[in-house]
1. Out of the residues in segment 116-135 meeting the condition of being surrounded by 22 or more Cβ atoms within 10 Å (Cβ to Cβ) and not small (Gly, Ala, Ser), tell me which one is farthest from ARG41 (Cα to Cα).
2. Please go through segment 140-160 and give me each residue that is in contact with a Gly (Cβ under 9 Å, 6 or more places away or on another chain) and crowded, with 19+ Cβ neighbours inside 10 Å, ordered by number.
3. Would you please list the contacts, defined by Cβ atoms under 7 Å and residues six or more apart or on different chains, that run from a residue in segment 175-193 that is assigned to a loop (DSSP other than H, G, I, E, B) to a residue that is loosely packed, with under 14 Cβ neighbours inside 10 Å and at pLDDT below 65?
4. It is to be established whether one or more residues within segment 20-33 are under 17 Å from the mean Cα position of the chain (by Cα) and among the polar types (S, T, N, Q).
5. Mind listing just one residue for me: the one in segment 236-278 that is outside any helix (DSSP H, G or I) and of a type outside the set (A, V, I, L, M) and, of those, nearest to the chain's Cα centre (by Cα)?
6. Tally the residues that are of a type in the set (Val, Ile, Thr) and in contact with a Phe, Trp or Tyr (Cβ under 8 Å, 6 or more places away or on another chain), restricting the search to segment 1-60.
7. Looking at (1) assigned to a helix (DSSP H, G or I); (2) buried (at least 23 other Cβ atoms within 10 Å of the Cβ), which one does TRP379 not meet, given that it meets all the others?
8. Confirm whether ILE327 is within 20 Å of LEU231 (Cβ to Cβ), of a type in the set (A, V, I, L, M) and in contact with a helix residue (DSSP H, G or I) (Cβ under 9 Å, 6 or more places away or on another chain).
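The values are calculated or read from the model by the stated rules, or taken from the named source; none is laboratory data. Fair warning: this is a prediction, and the values are worked out from it, not measured in the lab. Here the Cβ is made from the backbone with ideal geometry for all residues, glycine too, and neighbour counts use every protein chain on show.
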Amino acid sequence: MWLVNFSTMATGNLSFGLFVIPMGGDLGMNRSQFGWAVTTRRMAAGLSSYFVGRLLDRYGPRVLIPVSGLIIGVGLIVLSKANSPWQVIAIFGVLGMTGLAAPQNIMTSVPVAKWFQHKRGVALALAVSGVGIGGVFFLPFTQMLLGNVGWRTTWVVMAVIFMAMSVPLSAIFLRRQPEDMGLEVDGRPPNRLENNPVGSPAPLATEERSWTVREAFRTATMWKLLLAFALAGIAQGGTSVHRIPYWIENGFDPQIVSYSFAGDAGGAATMALFAGWMADRVPIRVIAVGSFSGLALAMGFALIGRNEFFLFASGITFGLSVGAGMIVHSYIFAAYFGRAFLGSIRGIVLPVMLISAGLGAPLVGYIHDGTGNYVSSWWMIVSLNLLAALIISSATKPSPPVVKEDPIHESAV
């Protein structure tokens, strides 16, 4: 999973801002149209996530990731041939529909959460750190290619690298959950009682209670999480494609900006490891508050920054906050609602996050096109992150639902 997450950084998740100026000049795309490309990608992922989540619960990532990887790779090659803004937007929609090329994708986090319980935070941290380390590598590498071979060839190179990394190993090594291999959660061999029938595993007393989808959505905690993530989604979507051109338009060299965003990605990888370790020790909502507050601070640095100190301070702070946020997104629903129906639950939750983030990108683009700068947008984003931090601070783990007597096999809903 680490390698798959690493490779997704070749699909433009973090580096798309580097393409804004060269592609905008060649295709006549304005900032709001670039925002709509990001929005289409996120909304398409949101629309498909319910089905992706149920497929993950049923079949696992062994088939889904290779198929998605091939579709994305071909899509990036087609993107290199685009001649108009609508083609870019449409292709981004196809990329998003796969579910693998979208932020907070559930295809790489749900299987990890299903395999681990007691060390879930550390396991998720190791997996999602691939995103940050991928950003450290791919941001300066992408800018180097853009400067030497142009944006069209750069997309082709990214497509080949992505498919080579994500497709074959996923098909060979990934599995749905430990029970499919005769193991128990955390990879332990099954415990057996002497007076049990041969091959009958003993139940684990420490196995967490899993909530059905219906039970989860009847809790106040779930709705607090949805509101907080929706507000933060608008904020993060608004920064996703616009931070890089903001700094370049303020006179910073594009290569220096790419290094600062590599620092952003490095910060994300570092904090993901630390936050994953912390998640097994402190309430996950505490980490969420820190993440949202840090994102507000990072945009505060951008508002006042006029030299390279603030460029790197904003980027690294943003990355540290995103790294903590990656663990929060991956961990909190499993910790609060269990693992049995995790794919289905996150498949419903993810559209809220992605659609809200998708609205943020064109919103900031329209504000920029109307005012000629990003100042008003950055203040809006600071406020949204602080409000999200306040809401999620009260989202405590819900009390377990009452278990019915003589239960019959439950469905996901």
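1. ARG120
2. Pass one, segment 140-160, residues in contact with a Gly (Cβ under 9 Å, 6 or more places away or on another chain): 142, 155, 158-160.
Result: THR142, TRP155, MET158, ALA159.
3. ASN191/ALA202; LEU193/ALA202
4. First, pick out the residues of segment 20-33 that are under 17 Å from the mean Cα position of the chain (by Cα): none.
No: segment 20-33 contains no residue that is under 17 Å from the mean Cα position of the chain (by Cα) and among the polar types (S, T, N, Q).
5. Let us first name the residues in segment 236-278 that are outside any helix (DSSP H, G or I), namely 241-242, 250-253.
Checking the rest, the ones that are also of a type outside the set (A, V, I, L, M) come to 242, 250-253.
Values: HIS242: 18, ASN250: 28, GLY251: 30, PHE252: 28, ASP253: 28 Å.
The selected residue is HIS242.
6. Within segment 1-60, the first condition is being of a type in the set (Val, Ile, Thr), and the residues that meet it are 4, 8, 11, 20-21, 38-40, 52.
Pick out the ones that are also in contact with a Phe, Trp or Tyr (Cβ under 8 Å, 6 or more places away or on another chain) and you get 8, 11, 20, 38, 40.
The number of residues fulfilling the criteria is 5.
7. Of everything listed in (1) assigned to a helix (DSSP H, G or I); (2) buried (at least 23 other Cβ atoms within 10 Å of the Cβ), TRP379 misses just condition (2).
8. Details: within 20 Å of LEU231 (Cβ to Cβ): yes; of a type in the set (A, V, I, L, M): yes; in contact with a helix residue (DSSP H, G or I) (Cβ under 9 Å, 6 or more places away or on another chain): yes.
Judged against the criteria, ILE327 is a match.
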